[in-house]
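Q: Before I ask anything, let me first share the structure, which is written out below as structure tokens.
The values are calculated or read from the model by the stated rules, or taken from the named source; none is laboratory data. If you're wondering where the values come from, they're calculated on a predicted model, not measured in any experiment. Don't worry about glycine lacking a Cβ; one is built from the backbone with ideal geometry, like all the others, and counts go over all protein chains shown. What goes into the accessible areas is simple: the full protein's heavy atoms, side chains included, and nothing from ligands, DNA or RNA. Shrake-Rupley method; radii C 1.70, N 1.55, O 1.52, S 1.80 Å.
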Protein chains: 2
Amino acid sequence: MKIVLDAMGSDHCPVPDVEGAVLAARESGDTIILVGDKVAVERELAKHDSKGLKIEIVHAPQAVDMHDKPSQVVSRKKESSMAVGMNLVRDGQADAFVSAGNTGAALAFATLRSLRRIRGVKRPALTSLVNIQGKTVVLTDLGANADARPEWLVQFGIMGSIYSERVIGTKNPRIAVLSNGEEEGKGNALVKEASALFATSGLNFIGNVEPGEMLEGAADVVVTDGFVGNIALKSMEAVGDALFKMIRQEVKSSPLSIFGALLMRPALRKIYHQVDPFETGGAPLLGVNGVVIIGHGRTNAKGIKNAIGQARKAVKGGLIEALREGMARYIDNTAGADDSGDV
Amino acid sequence: MKIVLDAMGSDHCPVPDVEGAVLAARESGDTIILVGDKVAVERELAKHDSKGLKIEIVHAPQAVDMHDKPSQVVSRKKESSMAVGMNLVRDGQADAFVSAGNTGAALAFATLRSLRRIRGVKRPALTSLVNIQGKTVVLTDLGANADARPEWLVQFGIMGSIYSERVIGTKNPRIAVLSNGEEEGKGNALVKEASALFATSGLNFIGNVEPGEMLEGAADVVVTDGFVGNIALKSMEAVGDALFKMIRQEVKSSPLSIFGALLMRPALRKIYHQVDPFETGGAPLLGVNGVVIIGHGRTNAKGIKNAIGQARKAVKGGLIEALREGMARYIDNTAGADDSGDV
């Protein structure tokens, strides 16, 4: 297997990116293709023992940064590590693309120029893999579509479900719509319309779930529009960060607390691992013709290694082929019925 | 001051409701009017030492429960503790109304039948008072309006700002719109349109904030539509609950951890207090002609006492008068300009 890593992706690139690639190549034996500024990448790689590892370097003279506007990168950064790397997958020279860079730019490149959408997909979706009590919930969309239509949410459900089945290994994944309750008057117009579509879709739709129910693992795939999904995820991350910060501060307030924290360290560390975003490493961009995994910008080497691991699992699970088949079935089932409101 | 408490409000009513009323009457010396089933309330009150306290009981033969549909309670539960209690405020026999009952029903009663909207208010809004590092952020709307219009968000900002100033004591409160970032392509259509309206409103608008920035106190008033606000709040609560549950579970996994947790108990307890929703007790329904404070259904006596305390602060701060003046100023400033899209 050949996996492309955007070496110019993370906030501190190429340092964690190159180290993560070395770790991944060593652990898996797969070929990792590092795309980026050749001089910088070679210099960074020389700091590691990469003897015997299958690591290749492909030069790209440009890099996308976090301030680049997605609408402009597609035309202005054609020679970026992101564009060059994704095109290697498009052209069949590699099996998957991984980047911890600008998510909006990756979405724009993939959708508009490089891999393009899988037939039938109205809008690709970003996902997050939320780990809870040893289970993984696919939450999608996470920001690709701030304003969504009900039928897009159904497609997110189909794609998330296929991901859950093929990559995570869930049998007959349960799909739910993220909402603020099931009672009368709950849910916004989008949620109500999407739920109605799901109810007659033949999919394994279990209804609406609140954020708390999602964290208790009430569903395997939770769909929402990109704005709400992003707000929900950021709200959860913010509280996690704030609580750990408060624990660190309060602990320092007395010697007894410090001693107590030392004794509790293994327990606290285990909890932190469960909520550490870098444990998952990255999450897929669903709906384009190739495996694309996006990592957190402030990732570390472990996060990059784990993101590459996500890419490997997606390739092994035959994700793209399954998505193509799933979308083809969906189009057959809804032929003529889902085009009315399309733009 | 006379404050009405819906004695049939909380999930375990009238137990915590009556105890909370006793605590509040003792602490403040104010008159608390308990509205509910007279026999049940008297029986509960007899369990407490209420000698010398100004506690009155007003009978209401009906009660609203959590399963009642807001659209039906207004006509079917006219004799409920919620309706009777709110009407006492409407008729000038009390200064504020507090309930830990069905939020949707309270909103429906207040808006459609009892107190009615303050002149100029398009839609009343629910709020949450988010406590962070000794500061209180007003987050609104929390669910009264799942689908909102940009001009409603501006009104939520005005009302939240007046609340922050008059009740919390913030000088020149900073207003922000909750969003998923400030970069191009961030925010949904509602956020973008509301931000544009705010920018030319003359209000102290500081732009968009992400959930993490809100928790760092970057703004004093954070506005959003009721669906997103509710999802954000529930996401934050869910992670807090999950983390404390994990800490309790992990701690039990080894004797050393148990001992460590005992030593850390004061620190952990202090953190828990900061995130405990019952510390605030309740939050106001903004935009109706009277102080209405809604508490959590699963509240306890302390939560009820603190909700009554919120009501007292709102009355003392002249909240309703200030809201009337603020809305009148807003109408003058936008005369003829804000009616185009109204329903």
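Q: Put a point 7 Å out from Cα along the line to Cβ at B:Ile331; what are the distances to that point in the other copies, in nm, shortest first?
A: Nearest to farthest, the other copies are at 5.6 nm.
Q: Once you average over the residues of B:246-252, how many Cβ atoms of partner chains fall within 10 Å of each Cβ?
A: Values: counts 9, 6, 0, 4, 8, 5, 1.
Across the residues of B:246-252, the mean count of other-chain Cβ atoms within 10 Å is 5.
Q: With an 8 Å Cα cut-off and a minimum separation of 6 or more residues, compute the relative contact order for chain A in percent.
A: 22
Q: With a cut-off of 8 Å between alpha carbons and a minimum separation of six or more residues, what is the relative contact order of the range B:198-343 in percent?
A: Over the range B:198-343, the number comes to 12 percent.
Q: Follow-up question, since we're still on this one. Please work out the average accessible area per residue across chain A, using the 1.4 Å probe convention, and give it in Å².
A: Heavy-atom SASA per residue in chain A reads 42 Å².
Q: If you don't mind, another one. Name the residues of the range A:165-205 whose accessible area falls by at least 50 Å² when all protein chains are present instead of the chain alone, probe 1.4 Å?
A: Buried on complex formation: A:Asn180, A:Glu184, A:Asn188.
Q: Can you list the residues in the range B:109-156 whose accessible area drops by at least 40 Å² when all protein chains are present, compared with the chain alone? Use a 1.4 Å probe, heavy atoms only.
A: Buried by 40 Å² or more upon assembly, which counts only protein chains, are B:Asp147.
Q: Can you give the helix-only mean residue ellipticity at 222 nm for the protein assembly as shown, where every DSSP H stretch with n ≥ 4 adds -39500 (n - 2.57) and the sum goes over all residues, rounded to the nearest 500 deg cm²/dmol? Walk me through the numbers on the way to the answer.
A: Working: 26 runs with 314 residues, N = 686.
That calculation yields -14000 deg cm²/dmol at 222 nm.
Q: Can you grab the distance from the C-alpha centre of the range A:11-64 to the C-alpha centre of the range A:205-266, Å, no decimals?
A: One Cα centre to the other: 33 Å.
Q: Over the range A:51-107, what relative contact order in percent results from Cα pairs under 8 Å that are six or more residues apart?
A: Details: 49 pairs, mean separation 22.0, N = 57.
Averaging sequence separation for qualifying contacts and normalising by length gives 39 percent for the range A:51-107.
Q: State, to one decimal in nm and shortest first, how far the label point of B:Thr31 sits from each corresponding label point in the other identical copies (label point: 7 angstrom along Cα-to-Cβ).
A: Spacings between copies for this position, smallest first, are 8.6 nm.
Q: Moving on to the next point. Return the value, in Å² to the nearest 100, of accessible area buried between chains A and B (probe 1.4 Å, both sides summed). Write down the numbers at each step before the final one.
A: Details: alone 16490 and 16480 Å², together 28530 Å².
Using a 1.4 Å probe, the pair buries roughly 4400 Å².
Q: Would you mind telling me which residue in B:Thr127, B:Thr103, B:Thr170 has the biggest mean-square fluctuation in a Gaussian network model of chain B, where springs connect alpha carbons within a distance under 10 angstrom?
A: So, out of B:Thr127, B:Thr103, B:Thr170, the one fluctuating most is B:Thr170.
Q: Roughly how many debye, to the nearest 20, is the charge dipole of the range B:210-276 about its Cα centre, given +1 on each Lys and Arg Cβ, -1 on each Asp and Glu Cβ, and no other charges?
A: Dipole of the range B:210-276, to the nearest 20 debye: 640 debye.
Q: Then there's this: Anyone know which of A:Gly212, A:Gly326, A:Gly290 comes out most mobile in the 10 Å Cα GNM of chain A?
A: A:Gly212
Q: Same structure again: FRET efficiency for B:His59 and B:His273, Cβ-Cβ distance as r, R0 = 41 Å, nearest 0.05? All intermediate terms of the calculation are to be shown ahead of the outcome.
A: Working: r = 37 Å, r/R0 = 0.90.
The calculated FRET efficiency here is 0.65.
Q: With θ set to phi - 60°, apply the Karplus curve 6.51 cos²θ - 1.76 cosθ + 1.60 along the range A:223-237 and write out the HN-Hα couplings as whole Hz, x wherever there is a Gly or Pro.
A: So the Karplus estimates, Gly and Pro as x, are 9, 6, 6, x, 6, 5, x, 5, 5, 4, 5, 5, 5, 5, 4 Hz.
Q: Under the classification rounded if a/c is under 1.5, otherwise prolate if a/b is larger than b/c and oblate if not, where does chain B fall, given a ≥ b ≥ c as square roots of the Cα gyration tensor eigenvalues?
A: oblate
Q: Whole-Hz Karplus ³J(HN,Hα) for the range A:318-333, in order, using 6.51 cos²θ - 1.76 cosθ + 1.60 and θ = phi - 60°, x for Gly and Pro?
A: Rounded to whole hertz, the list is x, 4, 5, 4, 5, 5, 4, 5, x, 5, 5, 4, 4, 5, 4, 5.
Q: Which value, in debye to the nearest 20, gives the size of the charge dipole of the range B:18-94 about its Cα centre, when Lys and Arg are +1 and Asp and Glu are -1 at the Cβ?
A: Magnitude of the dipole: close to 200 debye.
Q: In sequence order, what are the phi-derived ³J(HN,Hα) couplings for the range A:137-143 according to the Karplus relation 6.51 cos²θ - 1.76 cosθ + 1.60 with θ = phi - 60°, rounded to whole Hz, with x for glycine and proline?
A: 9, 8, 10, 8, 8, 10, x
Q: Once you sort the root eigenvalues of the Cα gyration tensor of the range B:121-187 as a ≥ b ≥ c, which label holds: rounded (a/c under 1.5), prolate (a/b larger than b/c) or oblate (the other case)? Working shown, then result.
A: Details: a/c = 1.78, a/b = 1.22, b/c = 1.46.
Oblate shape, in that a/c is at least 1.5 and b/c is the bigger or equal ratio.
Q: Still on this model: Compute the Cα gyration tensor for the range A:93-160, then decide on rounded, prolate or oblate, letting a ≥ b ≥ c be the square roots of its eigenvalues: rounded whenever a/c is under 1.5, prolate when a/b is larger than b/c in the other cases, and oblate in all that remain.
A: Here the range A:93-160 falls in the oblate category.
Q: Let's see if you can work this out: charge +1 on each Lys and Arg Cβ, -1 on each Asp and Glu Cβ, no other charges. What is the dipole magnitude of the protein assembly as shown about its Cα centre, in debye to the nearest 20?
A: Working: 80 positive and 80 negative charges, 232 e Å.
The dipole magnitude comes to about 1120 debye.
Q: Still on this model: Springs between alpha-carbon pairs under 10 angstrom, Gaussian network model over chain B: which of B:Lys38, B:Lys270, B:Lys316 fluctuates most?
A: In this elastic network of chain B, the residue with the biggest mean-square fluctuation among B:Lys38, B:Lys270, B:Lys316 is B:Lys270.
Q: Between copies, how far does the label point of B:Pro266 sit from its twins, in nm, shortest first, when each point is 7 Å from Cα along Cα→Cβ?
A: Relative to the other copies, B:Pro266 has label-point distances of 2.8 nm.
Q: First compute the accessible area of chain A with a 1.4 Å probe, then give the percent of it belonging to carbon and sulfur atoms. Numbers along the way, then the final one.
A: Details: 7060 of 14270 Å².
Of all accessible area on chain A, carbon and sulfur atoms account for 49 percent.
Q: For A:Met236, what accessible surface area do you get with a 1.4 Å probe? Give it in Å², rounded to 10.
A: Solvent-accessible area, nearest 10 Å²: 20 Å².
Q: If the cut-off is 16 Å between C-alpha atoms, which aspartates and glutamates fall inside it for A:Lys77, apart from same-chain ones fewer than 8 positions away?
A: A:Asp6, A:Asp37, A:Asp65, A:Asp68
Q: Now a separate question. Sort B:Tyr163, B:Tyr330 by accessible area with a 1.4 Å probe, largest first.
A: Largest to smallest exposure gives the sequence B:Tyr330, B:Tyr163.
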